[in-house]
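Input: a single structure, listed below in structure tokens.
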Ligand code: GLN
């Protein structure tokens, strides 16, 4: 992809807040394709895994037969952004998953589901994100996960005041425990779209599709 063309970004559209991501990406000048089947991944320049319920997404990914293709695409270097449940999907290891719940990998981290406990299940707060210019980003945490282990090649890009890790990046994969797409601040999406543009990556084919 040449740096000045319109990136084609997929949004995994099996469950979750697909519409909010689609809207934000379109406002940033991207073409958006909803991804449900392996063939939908071919040709993408980037992919967003939305927030929602990771255990349901895992089940639906298996029903739609797309899990292996997503793993292959991410391992091939397709730039990917996961928010909340999307971060869970990207984690190499999972704590407090439902029985048999699997992830896709892409980030060498351990993520604990629903880590905030019921009394602060959902809240909005300001988070400083590495690489995001200007004031902290106003984001929503909704039954959010936490990153409890960070592998040696993983960069921490966001923490809470208590030091809890809520944003990580490794290679072309980025995951955050919160939802910037819900509170309307598009700066994280801008960084992602810029990284998609500058990588020039396009998923030409898949062995599993
Ligand atoms: N608790 C959800 C899960 O386990 C994530 C919540 C969210 O995406 N807002 O997948």
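Given labels modelled 7 Å from the Cα in the Cβ direction, how far is it in nm from residue 148 to residue 122?
A separation of 2.4 nm, rounded to one decimal place.
So for the chain, averaging the separation of alpha carbon pairs under 8 Å that are six or more residues apart and normalising by length, what relative contact order in percent results? Each step should come with its number before you reach the end.
Values: 494 pairs, mean separation 48.4, N = 209.
Result for the chain is 23 percent.
Ranked highest first by the average count of other Cβ atoms within 10 Å around their residues, in what order do 57-63, 127-133 fall?
Details: 57-63: 18.1, 127-133: 16.4.
Result, highest mean Cβ count within 10 Å first: 57-63, 127-133.
Consider a paramagnetic label point 7 Å from the Cα of residue 34 along Cα→Cβ; state which residues of region 144-184 have an amide N under 20 Å from it.
181-182
Picking from 145, 180, 135, which is most flexible by a Gaussian network model of the chain using Cα springs under 10 Å?
With Cα springs under 10 Å in the chain, the top fluctuation among 145, 180, 135 is at 135.
Counting only C-alpha contacts under 8 Å and six or more residues apart, can you give the relative contact order of region 79-177 as a whole percent?
On the way: 230 pairs, mean separation 30.0, N = 99.
It rounds to 30 percent for region 79-177.
Give the whole-number value, in cubic angstrom per residue, of the convex hull volume spanned by the C-alpha atoms of the chain. List each step's numbers first, then the result.
Details: hull volume 22.1 nm³, N = 209.
Cα convex hull per residue, to the nearest whole number: 106 Å³.
Quick one: which of 40-49, 159-168 comes out on top by average Cβ neighbours within 10 Å, and what's the full order, highest first? Don't skip to the end; give the middle numbers.
Working: 40-49: 22.7, 159-168: 16.6.
Ranking, from highest mean packing down: 40-49, 159-168.
Read the figures in this text as sums done on the coordinates, not as results from a lab. Here the structure is a predicted model, which means the values were calculated and not measured. Ideal geometry is used to build each Cβ from the backbone, glycine not excepted, and the neighbour counts take in all protein chains shown.
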